[in-house]
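Enquirer: Okay, handing you the structure first.
The values are calculated or read from the model by the stated rules, or taken from the named source; none is laboratory data. Just so we're clear, the structure is a prediction, and the values are computed from it rather than from any experiment. Virtual Cβ from ideal backbone geometry, glycine too; neighbours counted across all protein chains shown. Only protein heavy atoms, including side chains, enter the accessible area calculation; ligands, DNA and RNA are left aside. Shrake-Rupley method; radii C 1.70, N 1.55, O 1.52, S 1.80 Å.
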Amino acid sequence: MTGVVERVEALREYVQAAQGYLEERDLAPAKDLIARAGERLSLSRGHTVVALAGSTGTGKSSIFNELAGKRLSPTGVRRPTTGETHACVWGSEDAGRLLDWLGVGKRHQRPADTLDGLVLLDLPDFDSVETAHRDEADRLLAVADLIVWVLHPQKYADKLVHASYLARFHRHREITVVVLNQADLLSKEDLEECEEDLRRLLSADGLSGVPVLTASTVKEPGLQALTGTLARSVAARQAALRRLAADLDEVTEALPQGPSLKPAEIPDELVDALARAAGVPVVADAVRKAYIHRARKATGWPPLRWLRRFRPDPLQRLHLEERVASATSLGPASPAAMAGVSLALRDTAARIGERLPEAWREPLLASVRSKVDDLPDALDQAVARTELGMGRARGWWRAVGLLQWLLVAVTAAGLLWLAVRYLLFALALPEPPMPAVGRVPLPTALLAGGLLASLIVSLLVRPVVRLAARRQGRRVAKRMRAAVERVAQGFIAEPARVVIDAYSQARQALQRAR
């Protein structure tokens, strides 16, 4: 009992975990079984519901009447004879709530005997020309604790019986009994041959090992074998649980179950696609150009630095000044970039869910794409809030700038000295002594040397600036890529992780239910 209850509870946990991810039609059998199990176990456990099922003319109503000890269910030549289900209850314990749940109106009571607790149902013929009769038989076959299939010697191999019914109940061997009725019509040799062939057919149906009994309501062998089987089943009080266990086997076997999965991870290809869509290469290039622009403003020849003011700063054009921005002016990603993101999302879902059962793959893909409309804004904000490291001038910029100013001062001193000498010469005034560097007058050396040194410093600084700019661009690209990856974790991996967690919970619950 405890095992069946635990399995039903595990199935309930499976449905709860899978709800919203699997199609309702996939979960409907499990939901129906959970509801039916709860209802059946809450009703009388002292009763065993046995259904007599058979096709037209097999004599199941005659067996029902013989066991009941009176003619309760109509019999006759006219077909179909049994149009509605009749029930006979053995014992004094009230089975009214159970019969209400079964939806059986024709009820009869018998005093307690060896079959105390038996609720015997005579079902309509499942091959009846009346659709309502077949529906009624199918409905009760789905809930009976024990099914007794009554077959006729001339119709026991009927394909309809085996393909549409017996084979369909191959998981219910524990609650299946087959009765070859009207055995008195056959000789002993023919009966043995018939039984052997019937067992062969049952084995092909997946019902090997089920009890095969012979019976007759008019002559030998009578109903002793069937009565004994029913008495043992009623006394054991296990048929209802075996029925639920078989139903659990049937339902859980049809449910998808795959291997255990690792947490969802974001592949580099998706981060790369998102980075391109977010404009990370554009911003990294702007940082590189801005670094060069600002470095040359600080290290270039001072008299010409003012020309740099007329060139726009690449970062300011993108609204990416060093202050933390709420958005950039990069504009929407190109169709090609967004197509790359869509393809990467699909590849990511395929990679994460490649080992998932087919039924779980579409929910996973939907979860991966669930926040795709919010991605552009989130990516733009991630880029806008990334620390660019361009807020202040570098120390070496100041040092080079100071050196350039010193060289300008040297140049200006030489120029001024030469200007004073020229003025004195023009006024015919005596000139002061002229120091020299070798054969070059000192003022000329200062002027030419300052200009030449400034030019050399500018030329030497340029490759250093470009190298530093590339390094700064790579550092910023790495930071932005990390920001993009955090967006991917929150907007893609987290929804996928919810599905994977639900799948893992459902998988564990299904293992227990099985």
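Enquirer: Could you count how many residues in region 455-475 are within 16 Å of Arg294 (Cα to Cα) and touching a Gly at 6+ places or on another chain (Cβ under 9 Å)?
Expert: Residues in region 455-475 being within 16 Å of Arg294 (Cα to Cα) and touching a Gly at 6+ places or on another chain (Cβ under 9 Å): 3 in total.
Enquirer: While we're here: If you go through region 210-218 one residue at a time, do you hit one that is in contact with a Ser or Thr (Cβ under 8 Å, 6 or more places away or on another chain), farther than 28 Å from Ala254 by Cα and in contact (Cβ under 8 Å) with a residue 60 or more places away in the chain?
Expert: Taking every residue of region 210-218 in turn, at least one turns out to be in contact with a Ser or Thr (Cβ under 8 Å, 6 or more places away or on another chain), farther than 28 Å from Ala254 by Cα and in contact (Cβ under 8 Å) with a residue 60 or more places away in the chain.
Enquirer: Here's another thing I want to ask about it. I'm told Lys155 meets every condition in (1) open to solvent by 30 Å² or more (accessible area, probe 1.4 Å); (2) over 19 Å from Glu220 (Cβ atoms); (3) in a helix (DSSP H, G or I) except one. Can you identify the failing condition by its number?
Expert: It fails just one condition, (3).
Enquirer: Quick test of your reading of the structure: Glu174 fulfils all but one of (1) modelled with pLDDT under 90; (2) within 45 Å of the chain's Cα centre (by Cα). Name the failing condition by number.
Expert: Failing condition for Glu174: (1).
Enquirer: Return the residues of region 1-34 that are in a loop (DSSP other than H, G, I, E, B) and surrounded by fewer than 20 Cβ atoms within 10 Å (Cβ to Cβ); say none if nothing qualifies.
Expert: Residues satisfying the conditions are Met1, Gln19, Gly20, Glu23.
Enquirer: Identify, from the list Leu446, Leu388, the residue that is in contact (Cβ under 8 Å) with a residue 24 or more places away in the chain and either more than 54 Å from the chain's Cα centre (by Cα) or part of a helix (DSSP H, G or I) (or both).
Expert: Leu446
Enquirer: Please find, among Val440, Val476, Val457, Val465, the residue that is at pLDDT below 90, buried (at least 16 other Cβ atoms within 10 Å of the Cβ) and under 30 Å from Arg421 (Cβ atoms).
Expert: The conditions single out Val457.
Enquirer: Another one. Would you pick out the residues in region 239-260 that are surrounded by fewer than 18 Cβ atoms within 10 Å (Cβ to Cβ) and farther than 30 Å from Pro357 by Cβ?
Expert: none
Enquirer: Starting from region 334-361, keep only residues that are touching a residue at least 60 places away in the same chain (Cβ under 8 Å) and part of a helix (DSSP H, G or I), then list their pairs with residues that are surrounded by fewer than 20 Cβ atoms within 10 Å (Cβ to Cβ) and aromatic (Phe, Trp, Tyr) whose Cβ atoms are within a distance under 7 Å, requiring at least 6 positions of separation or different chains.
Expert: Matching pairs, first to second residue: none at all.
Enquirer: On the basis of being under 23 Å from Lys159 (Cβ atoms) and touching a strand residue (DSSP E or B) at 6+ places or on another chain (Cβ under 6 Å), does Lys60 make the cut?
Expert: yes
Enquirer: Condition (residue is modelled with pLDDT of 85 or more and assigned to a loop (DSSP other than H, G, I, E, B)) applied to region 83-94: is it met by at least one residue?
Expert: Yes: one or more hits.
Enquirer: Also, quick follow-up: Against the condition assigned to a loop (DSSP other than H, G, I, E, B) and either touching a residue at least 40 places away in the same chain (Cβ under 8 Å) or open to solvent by less than 10 Å² (accessible area, probe 1.4 Å) (or both), how does Val148 come out, does it pass?
Expert: So Val148 does not fit the description; no.
Enquirer: Can you say whether Arg276 is in contact with a helix residue (DSSP H, G or I) (Cβ under 6 Å, 6 or more places away or on another chain), of a type in the set (Lys, Arg) and within 30 Å of Leu11 (Cα to Cα), as far as the supplied structure shows?
Expert: Spelling it out, it is not the case that Arg276 is in contact with a helix residue (DSSP H, G or I) (Cβ under 6 Å, 6 or more places away or on another chain), of a type in the set (Lys, Arg) and within 30 Å of Leu11 (Cα to Cα).
Enquirer: Still on this structure, I have one more. Please determine whether any residue of region 137-144 is closer than 23 Å to Val104 by Cα, open to solvent by 10 Å² or more (accessible area, probe 1.4 Å) and in contact with a Gly (Cβ under 9 Å, 6 or more places away or on another chain).
Expert: yes
Enquirer: Against the condition out of contact with any Gly (no Cβ under 6 Å at 6 or more places or on another chain), over 24 Å from Arg40 (Cα atoms) and either of a type in the set (A, V, I, L, M, F, W, C) or buried (at least 18 other Cβ atoms within 10 Å of the Cβ) (or both), how does Ser128 come out, does it pass?
Expert: Yes, satisfied.
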